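Beneath this line is the structure, given in structure tokens, with notes to follow.
The values are calculated or read from the model by the stated rules, or taken from the named source; none is laboratory data. As the structure is a prediction and not an experimental result, all values here were calculated from the model. Ideal geometry is used to build each Cβ from the backbone, glycine not excepted, and the neighbour counts take in all protein chains shown. All accessible areas refer to the heavy atoms of the entire protein, side chains included, with ligands and DNA or RNA removed. Shrake-Rupley method; radii C 1.70, N 1.55, O 1.52, S 1.80 Å.
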Amino acid sequence: MSSMDMPADAPRQSARATSATVPAAPRLTWLTLALMTTASVASLRAAPTMAVYGLACVFLYLVPAIVFLLPTALVSAELASGWNGGVYRWVSEGLSKPLGFLAVWCQFAMTIFYYPSLLAFVASTIAYIIDPALASSGLYTAIVIVVLYWTGVWVSSRGTKALAGLSSWGLVIGTLVPGTLLVVLGMVFLAQGNPSAAPMTASHLFPAWTGLASLVLIVNNFLSYSGMEMNAVHVSSLKDPAKEYPKSMFLAMGLVLLIFILPALAISWVVPADQTSLTAGVMQAFDAFFSYFDIGWMTPIAAVMLISASLAGMLTWLAGPSKGLLEISRSEGYLPPYLQQLNRFGIQQNILVTQGIVTTVIALGYAFIPNVSNVYWIFSTITTQVYLIVYLLMFVAAVKLRKNQPDHPRGYRVPALTLVCVVGFLASAAAMVIGFVPPSQFGSNSVLLYVVIIGCGLGALGLLIPWAFLKFRKPSWQLEAAREEEGA
């Protein structure tokens, strides 16, 4: 998200889709919906990841946009216009309730690895205000992650409603302004006759083929595009969904591509690929440009903008996915009573604290693995792998619902739905397979370890834990939740 940022990033709006839409929702224009979608997906956080590929980043962004972003947006629009309740309802109706729980669990579980990767970006950005050398320190990164995450948990557990509007400012403060500045400085830099650090000739439009490892970075773009299904809940607010929604999604896709591609290119113009940090790449570029133009005093300002936007994004949806999981679990008894309890502010504090303990353990990986960029990539890949489970289930459920409930009212119907779902499913499955291949910059020394880490992360977080909840759940888990609701 991007914006995850998950959303930057992904995930950003994920839990909002778990609650029913309001019947008397105000009308939205297709342009407004396009801007809302752009705000919830676009982010600068992924720019350094693609900058190492130079001009080829255009290709690496376009491919997943066509085979993943567009199918996701269109399919989720049909599902949202026919069934309230988000991905749990869609998968439950189309497949089964246990698989519906798996889908909503994965929406929540991906944040366990998402927060460390998001806050690692924040830590590296803060380093450029204090001491740029800290950006490569694993211990420093781990400390910042732990401190910021638990601060966020404390703030979220207080039920602060004022935070709800911060995500809209994140697009302007932390994405549009610094992104535009980065691109403008880059263009001026090149216009003055300076050579680009990355070749910008037509022969470099495609990534050099060195085996599957040369295309691994494309997997991270699937997470960059995740979250499109969340804004699909607004499809019924359009005047003419059948015509306006596709138009809105094509515009949003264009804007998202511009926000992703241009800053990535700007970074590649000034920071050599072998020196680009996956966490600090944006600040590396700003630092280089500001130094060249003798305006180094702007480096802390740019850092503060990026930091404030990322933290605002984290705070606005920290409790979101966990709230969606809580609501489903209280109605179906999927989680133990301890995890279903609310604090005096009506917040699922026990889930947040449990998640925080796991996040803290994961954050220690930064302290014990020498290369911060390697840890960042591993966590981002696990996040993507877990979230892809949601999309695999969603595409299958959409085909099943069209077949089994063809007459169910839908505000929007996807043309050639089966074909669109097959393309989206195969793209998601391919991304999951490619995610097990270490990127080319990792070398071949630790391929087995990389595969084991990714496999264990996906297996434990995305499959084993939800299976255990379903296997060992007791009828009393649902009854106790119901009694608590009656006594409220």
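Observations on the model:
- On the basis of the beta-carbon distance and an R0 of 41 Å, PHE368 and GLN405 show a calculated FRET efficiency of 0.20.
- FRET efficiency, 1/(1 + (r/R0)^6) with R0 25 Å, evaluated for ASP131 and ILE357 via beta carbons: 0.25
- Heavy atoms of the protein chains alone define the surface here; on that basis region 29-487 has 39 Å² accessible area per residue at 1.4 Å probe size.
- Sites VAL422 and TRP150 - FRET efficiency at Förster radius 41 Å, r taken between beta-carbons, to 0.05: 0.40
- Exposure of ASP240 as accessible area (Å², to 10), given a probe of 1.4 Å and all protein chains: 60 Å²
- Relative packing of 127-137, 281-291, 462-472, which averages over residues the other C-beta atoms within 10 Å, highest first: 281-291, 127-137, 462-472
- Each residue of region 62-74 is assigned a 3J(HN,Hα), and the resulting list reads 5, 4, x, 5, 6, 8, 10, 4, 5, x, 4, 5, 5 Hz, derived from the Karplus form 6.51 cos²θ - 1.76 cosθ + 1.60 (θ = phi - 60°), x at Gly and Pro.
- The packing ranking, built from the mean of other Cβ atoms within 10 Å per residue, places the peptides 380-389, 183-192 in the order 380-389, 183-192, highest first.
- Net lengthening on full extension, VAL304/LEU470 (0.36 nm per residue, minus Cα-Cα): 55.4 nm
- Modelled spin labels at LEU463 and ASP240, positioned 7 Å past Cα toward Cβ, are 4.7 nm from each other.
- Distance in nm between pseudo-label sites at LEU449 and THR180 (7 Å out along the Cβ direction from Cα): 4.5 nm
- Cut-off 14 Å between beta-carbons: net charge of the residues surrounding VAL422, Lys and Arg +1, Asp and Glu -1: +3
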